[in-house]
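Visitor: Starting off with a structure, shown below.
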Amino acid sequence: MSEKADQKWICDYCTYENFPCAIKCTMCRGPRPFKSEDIFGLYDGGGSNEISSTATSSCENKPTNKWSCEACTYLNALKEKTCSQCGKSRHTNANNLHEHIQPLKITQHSDLAQSLSRSRNNSPPASVTNLENSRRTKEIKWTCFICTYENWPKSTKCAMCGSLPNNSLRSQASSLIMPSPDRDIDACFKEDRIRGTSNNMIESTMSQSPNNCEYERKLRHLKRQADWSWLNACLGVIDGDPNPVEAYLSSGGDPTRTLTASEVAILNRSSAFDVGHTLVHLAIRFQKEDLLAILLSQIEGSGSGVKRVPSYVAPDLAADIRRHFTSTIRQRKGHFPCNYVTELPTFALPAEVDELPGPVQEQLFTELLDKDAQEQLETDPAVINWSLELTVRLGSRLYALWNRSAGDCLLDSVMQATWGVFDRDNTLRRALAESLSQSGRVFYPRWKEYEASHASFLQYSLEEGQWEEDWSSLLSLASQPGNSLEQLHVFALAHILRRPIIIYGVKYVKSFRGEALGYARFEGVYLPLLWEQSFCIRTPIALGYTRGHFSALVPLEPYSRLDTRPSTQQTDQLQSTFLPLMDRDRKILPIHFLTEAELGREETILRQWLDVCETEGGILVAQQLLHKRPLLVAQMVEEWLNHYRRLAQMTSAPFVRPIPIQDYSSEGDTDEE
């Protein structure tokens with residue numbers, strides 16, 4: 001025997017050194033490694049490794065006591081029923097049929113099974129495994145759902161990873177793996193049958209399996225049963241689209257409805273939607289303030305209905321307008337580095353509103369105006385629209401536009417009165433904060449003198465440290481979005497806009513119960529007194545103040561573009577309305593932040609900064625010129641009007657459908673506001 005044949009071979013399972021003639025391990029009965037087998041030497045008991053064609057043919061003609069495996073050609077002893085190397089069963093034919101009459105039975109309690117269980121991989125050799133499998137074809141293995149290894153039914157744990165079977169692990173290791181989607185969806189259907197409803201869905205988290213056809217089928221069923229009006233409203237909040245939100249609310253949807261786990265799974269945007277969130281949560285999370293205002297108006301105590309201001313109907317155009325407004329802000333160089341705007345539009349309602357049918361026109365005003373603010377400003381004592389001469393003969397009726405009820409309402413109302421949009425990007429607030437910070441040495445002396453005169457009238461005084469502290473507080477309010485603003489901020493806004501601001505407000509701030517909380521000092525005229533008169537325009541804007549809330553007061557255009565006019569009066573020609581400079585008692589409105597030297601000359605100062613005239617009834621009024629709308633504003637207003645024109649067509653159709661009128665009020669303010 002050669003030197004190579006004398007070498008022992010080491011078992012891969014128990015590392016026992018076996019003699020070269022041993023086919024199986026003497027210790028554990030494991031198969032001999034294939035790489036060390038000398039199959040040609042085993043074929044005839046010794047042999048050589050070099051096989052020639054002659055030797056091969058001679059070996060084939062010799063009688064042998066071994067059989068060759070059809071899969072790996074390994075020569076096995078006749079007593080072996082399966083290949084010792086690859087585990088494939090021996091081919092059965094008529095010559096060896098008697099050998100299969102009484103097959104070998106190997107159980108888990110046999111010596112072979114017990115020796116294999118002590119192997120380092122805790123898994124039986126392939127030959128034994130296949131032999132056991134062939135003898136127990138009727139027994140079904142269980143699959144480990146940790147490593148997917150197929151184990152015998154009697155195995156108490158996975159032979160590969162040691163995990164418990166599914167029925168035991170489901171209750172003990174649920175926190176380690178995601179639950180099966182099929183089980184979750186099945187639980188959903190069971191829950192639906194128990195509750196007796198078709199819209200109930202699973203309440204536990206679902207993990208999608210792209211290759212699970214049954215899961216996809218059940219998920220499609222859930223999607224068919226889902227309330228897509230509600231789900232589209234959630235998507236609309238994320239995308240900033242008010243149409244699905246309004247559709248959901250107008251159909252009677254609950255604005256306080258919360259997302260369930262199954263609905264979050266159907267939406268399939270875990271980064272955007274969380275269980276328990278409402279539309280209000282989504283609007284706050286993604287800073288959709290326009291939609292937030294719509295949703296808050298639906299909550300109990302805020303009235304019912306949907307607001308439809310032009311910036312909501314055309315949100316893309318409104319965003320373009322805000323970006324354009326940002327580009328118009330400049331800073332004046334010199335001793336007074338205050339920000340100012342280069343374009344000075346004045347917003348007014350289009351005259352085409354009067355041409356709409358009555359029900360549609362009523363719905364328009366309901367969805368556009370602040371009903372509460374309008375009622376408070378017009379009730380006794382009336383602050384606006386108290387003169388028939390102005391409202392009827394001169395066509396100068398003022399309308400209080402609906403506004404977001406928050407600390408930014410002053411800035412929003414100023415933007416509405418000029419560009420017809422809200423200050424959603426806080427552009428105007430930043431310009432205000434920068435102007436007060438960088439031009440404080442110019443604003444501070446006039447502010448201090450004005451406040452000191454009021455303090456002396458009330459018989460009290462402040463020290464210099466207290467004045468500086470109050471000034472710092474006002475600067476802090478201007479720089480923080482959401483904080484309510486004071487008179488100084490209105491005065492600074494008049495300089496940024498380069499035009500007068502007239503505020504018509506209530507005399508006293510009252511609570512919800514009608515109790516007077518204090519004197520309201522906002523009513524009056526705010527002039528850009530720190531600018532040169534030639535640098536400003538004489539056309540004012542009007543704001544309303546009610547119970548801590550500002551609203552833009554805008555007129556209706558005094559003409560219609562559809563009317564036939566002489567060639568000398570075109571649509572782009574300036575038109576005007578008139579704003580009263582007196583209250584209903586015929587007292588001139590106060591001018592704020594006048595110095596002691598300017599007191600007593602109020603009417604003269606008004607004529608210097610405004611186009612002042614007197615009506616036949618003796619009312620002192622300021623002329624408000626209405627310029628041609630900027631292109632973006634005109635497009636936004638036209639798109640907003642088209643919505644109500646379509647409603648008007650519905651009323652004139654052969655089968656008229658009534659236009660739903662929704663009566664609601666603006667969002668309520670707290671006493672602190």
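Visitor: Against the definition (hydrophobic (A, V, I, L, M, F, W, C), at pLDDT below 95, under 41 Å from the mean Cα position of the chain (by Cα) and exposed (fewer than 11 other Cβ atoms within 10 Å of the Cβ)), how does residue 653 come out, yes or no?
Guide: Working: hydrophobic (A, V, I, L, M, F, W, C): yes; at pLDDT below 95: yes; under 41 Å from the mean Cα position of the chain (by Cα): yes; exposed (fewer than 11 other Cβ atoms within 10 Å of the Cβ): yes.
So residue 653 fits the description; yes.
Visitor: Okay, moving on. Scan the helices (runs of 4 or more DSSP H) fully inside segment 257-351 and keep the ones with 3 or more residues being over 17 Å from residue 636 (Cβ atoms) and at pLDDT 80 or above. Walk me through it before giving the result.
Guide: Values: elements: 261-267, 279-285, 289-296, 310-313, 315-327.
By residue number, 261-267, 279-285.
Visitor: A further question follows. Answer yes or no as to whether residue 543 is of a type in the set (A, V, I, L, M), at pLDDT 65 or above and either within 40 Å of the chain's Cα centre (by Cα) or closer than 13 Å to residue 610 by Cα (or both).
Guide: Numbers: of a type in the set (A, V, I, L, M): yes; at pLDDT 65 or above: yes; either within 40 Å of the chain's Cα centre (by Cα) or closer than 13 Å to residue 610 by Cα (or both): yes.
Here the answer is yes, as residue 543 does meet what is asked.
Visitor: What single numbered condition from (1) touching a residue at least 12 places away in the same chain (Cβ under 8 Å); (2) in a helix (DSSP H, G or I) fails to hold for residue 456?
Guide: So the condition that residue 456 fails would be (1).
Visitor: Just one of the numbered conditions (1) touching a Phe, Trp or Tyr at 6+ places or on another chain (Cβ under 9 Å); (2) not in a helix (DSSP H, G or I) is not true of residue 422; which one?
Guide: Every listed condition holds for residue 422 apart from (1).
Visitor: Shifting gears a bit: Looking at 435, 405, can you tell me which residue is modelled with pLDDT under 90 and among the hydroxyl-bearing types (Ser, Thr, Tyr)? Give the steps one after another, and end with the answer.
Guide: Working: 435 fails: modelled with pLDDT under 90.
Going through 435, 405 in turn, just one is modelled with pLDDT under 90 and among the hydroxyl-bearing types (Ser, Thr, Tyr): 405.
Visitor: If you don't mind, there's one more thing I want to ask. Would you check if residue 573 is assigned to a loop (DSSP other than H, G, I, E, B), at pLDDT 50 or above and polar (S, T, N, Q)? Break it down into steps so the answer makes sense when it comes.
Guide: Working: assigned to a loop (DSSP other than H, G, I, E, B): yes; at pLDDT 50 or above: yes; polar (S, T, N, Q): yes.
Spelling it out, residue 573 is indeed assigned to a loop (DSSP other than H, G, I, E, B), at pLDDT 50 or above and polar (S, T, N, Q).
Visitor: I want to confirm something. Restricting to segment 231-278 and keeping residues that are within 26 Å of residue 310 (Cβ to Cβ) and among the acidic types (Asp, Glu), which single residue is nearest to the chain's Cα centre (by Cα)?
Guide: 239
Visitor: Hey, among 603, 638, which residue is among the charged types (D, E, K, R), surrounded by 14 or more Cβ atoms within 10 Å (Cβ to Cβ) and assigned to a helix (DSSP H, G or I)? Working first, answer last.
Guide: On the way: 603 fails: surrounded by 14 or more Cβ atoms within 10 Å (Cβ to Cβ).
Within the list 603, 638, the selection yields 638.
Visitor: Going residue by residue through segment 514-532, is there one that turns out to be assigned to a loop (DSSP other than H, G, I, E, B), at pLDDT below 95 and at positive phi?
Guide: Yes, segment 514-532 contains at least one residue that is assigned to a loop (DSSP other than H, G, I, E, B), at pLDDT below 95 and at positive phi.
Visitor: Moving on. Can you find even one residue in segment 434-447 that is assigned by TED's automatic domain parsing to the domain that holds residue 335 and on the phi > 0 side of the Ramachandran plot?
Guide: Initially, segment 434-447 is screened for residues assigned by TED's automatic domain parsing to the domain that holds residue 335, giving 434-447.
When the remaining residues are screened for being on the phi > 0 side of the Ramachandran plot, the result is none.
Checked against the condition, which is being assigned by TED's automatic domain parsing to the domain that holds residue 335 and on the phi > 0 side of the Ramachandran plot, segment 434-447 yields no hits at all.
Visitor: Regarding residue 435, is this residue in a helix (DSSP H, G or I) and either hydrophobic (A, V, I, L, M, F, W, C) or over 37 Å from the mean Cα position of the chain (by Cα) (or both)?
Guide: On the way: in a helix (DSSP H, G or I): yes; either hydrophobic (A, V, I, L, M, F, W, C) or over 37 Å from the mean Cα position of the chain (by Cα) (or both): no.
It is false that residue 435 is in a helix (DSSP H, G or I) and either hydrophobic (A, V, I, L, M, F, W, C) or over 37 Å from the mean Cα position of the chain (by Cα) (or both).
Visitor: Kindly indicate the residue of segment 602-644 that is of a type in the set (Val, Ile, Thr) and out of contact with any Lys or Arg (no Cβ under 8 Å at 6 or more places or on another chain) and also farthest from residue 349 (Cα to Cα) among those meeting that condition. Working first, answer last.
Guide: Let us first name the residues in segment 602-644 that are of a type in the set (Val, Ile, Thr), namely 604-605, 612, 615, 619, 621, 633, 637.
If we keep only those that are out of contact with any Lys or Arg (no Cβ under 8 Å at 6 or more places or on another chain) as well, we get 604-605, 612, 615, 621, 633.
On the way: 604: 31, 605: 30, 612: 23, 615: 24, 621: 20, 633: 11 Å.
Result: 604.
Visitor: Looking at 580, 558, which one is modelled with pLDDT of 95 or more, assigned by TED's automatic domain parsing to the domain that holds residue 345, over 30 Å from residue 430 (Cβ atoms) and touching a Ser or Thr at 6+ places or on another chain (Cβ under 7 Å)?
Guide: Working: 558 fails: modelled with pLDDT of 95 or more.
580 is the lone residue from the list that is modelled with pLDDT of 95 or more, assigned by TED's automatic domain parsing to the domain that holds residue 345, over 30 Å from residue 430 (Cβ atoms) and touching a Ser or Thr at 6+ places or on another chain (Cβ under 7 Å).
Visitor: Within segment 360-381, work out how many residues are assigned to a helix (DSSP H, G or I), polar (S, T, N, Q) and closer than 21 Å to residue 584 by Cα.
Guide: Kept after step one, since they are assigned to a helix (DSSP H, G or I), are these residues of segment 360-381: 360-368, 371-378.
In the following step, the residues that additionally are polar (S, T, N, Q) were identified as 361, 363, 366, 374, 376.
If we keep only those that are closer than 21 Å to residue 584 by Cα as well, we get 374, 376.
The qualifying residues number 2.
The values are calculated or read from the model by the stated rules, or taken from the named source; none is laboratory data. Keep in mind it's a predicted model, so treat the numbers as computed, not measured. So basically every Cβ, Gly included, is an ideal-geometry build from the backbone, and we count neighbours across all protein chains shown.
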